[in-house]
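One structure is given below, encoded as structure tokens.
The values are calculated or read from the model by the stated rules, or taken from the named source; none is laboratory data. Because the structure is a prediction, the values reported are computed rather than measured. Virtual Cβ from ideal backbone geometry, glycine too; neighbours counted across all protein chains shown. These area figures cover heavy atoms from the full protein model, side chains too; ligands, DNA and RNA do not enter into them. Shrake-Rupley method; radii C 1.70, N 1.55, O 1.52, S 1.80 Å.
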Amino acid sequence: METALDQDLELSDQALLVLYCNGDQQAAALLTQRLAPRLFSFCIRLLGDRSEAEDVVQEAMLRLWRMAPDWQQGEAKLSTWVFRVASNLCTDRLRKRGDIGLDQIEEPTDERPDAEVLLMQADRKSALDLALANLPERQRQAVILRHIEGLSNPEIGEILGINVEAVESLTARGKRGLVAALSHKKEELGL
Amino acid sequence: MTDQNDKAAPGSEAELDALFAEARAQTTAPSEKLMARILEDAHRLQPSAQTLPGTVPPIWSRIHGALGGWPIIGGLTATVMVGIYIGFSDPTLVQLQGLVDEDVEISDFFASDTLFFEEGTS
């Protein structure tokens with residue numbers, strides 16, 4: 001939902017955080033609408049579990065609210081900061097449980113209308129999710145952030161704590177891994 | 001399935017890019033409950049304006065804080081007002097008749113002090 005404040009002023013995330021600190025409750029709602037869906041999309045792809053992804057997003061946003069009074073203007077992009085927090089939280093969870101099991105990714109069902117079309121789309125999505133799940137964790141994060149969330153290499157570098165060259169290397173290796181994994185699935189998926 | 005999907009079978013980087021585009025279009029939205037929980041946290045932790053980073057509160061705000069708040073300032077104001085009233089009030093209102101003798105003798109208890117003043121003027 002785009003509010004008058006958002007539409008008219010097109011405030012930056014940082015400006016909204018300052019308004020939040022000034023007691024503006026609408027600013028908190030706008031920041032949540034901007035950041036939470038992107039974080040959730042990223043986390044659910046990394047974790048493969050809706051409940052865990054929601055917990056991570058809530059925790060990352062909670063840390064944002066706590067940090068708000070101490071935010072230093074011009075240091076980093078707010079979205080990059082909160083993605084870094086979410087990335088670290090996801091990493092902690094993945095390390096605690098080992099890794100994503102392939103059986104945790106939902107299988108497509110054929111109980112909905114246009115089941116054939118949905119099944120094919122779901123197959124393609126599942127194929128990508130499975131291939132992503134088989135990548136090493138850092139490659140998986142870099143590929144998701146670059147090619148699905150659409151972040152720039154410098155932003156990804158800040159999130160993962162590495163330089164741009166390392167990001168390029170991770171995404172290139174990740175893409176090669178995905179191509180290799182998906183080419184084996186080609187016939188199996190009937191694509 | 002669309003033609004685009006038919007063309008986008010996995011096996012090359014270009015086809016992989018098509019899969020990424022589909023994935024971007026199929027994002028899973030967070031639940032309303034999650035959004036509500038996040039906003040609840042935001043409102044609970046919302047700081048007051050005085051804690052903004054890099055801002056200096058106005059001078060009156062700092063004086064107010066240094067003195068200890070409105071109760072102290074109220075007491076100080078009352079004291080000042082009483083002092084001003086006493087200073088400007090008519091002293092003849094104080095009736096001394098009958099309490100002291102009407103003949104008043106003024107004595108110079110510090111007559112020697114005038115020597116210093118006289119020396120200073122010479």
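Couple of notes before you dig in:
- Solvent-accessible area of residue A:71 with every protein chain in place, 1.4 Å probe, in Å² to the nearest 10: 20
- Projected label points at residue A:176 and residue A:50, each 7 Å from Cα along the beta carbon direction, are separated by 3.8 nanometres.
- Cβ-defined net charge surrounding residue B:30, 15 Å radius [Lys, Arg +1; Asp, Glu -1]: -3
- Karplus-derived HN-Hα couplings along region A:54-68 (A = 6.51, B = -1.76, C = 1.60, θ = phi - 60°), whole Hz, x at Gly and Pro: 5, 4, 5, 4, 4, 5, 5, 5, 4, 5, 5, 4, 5, 7, 3
- Area of residue A:84 that stays accessible when all protein chains are in place (1.4 Å probe, Å², to 10): 70
- Accessible surface ranking that places the most exposed of B:43, A:147 first, with a 1.4 angstrom probe: B:43, A:147
- Sequence-ordered 3J(HN,Hα) estimates for region A:145-152 from the Karplus curve with 6.51, -1.76 and 1.60 and θ = phi - 60° stand at 5, 7, 9, 10, 7, x, 7, 7 Hz, glycine and proline given as x.
- Shielding by other protein chains, A:13-21, mean Cβ within 10 Å: 2
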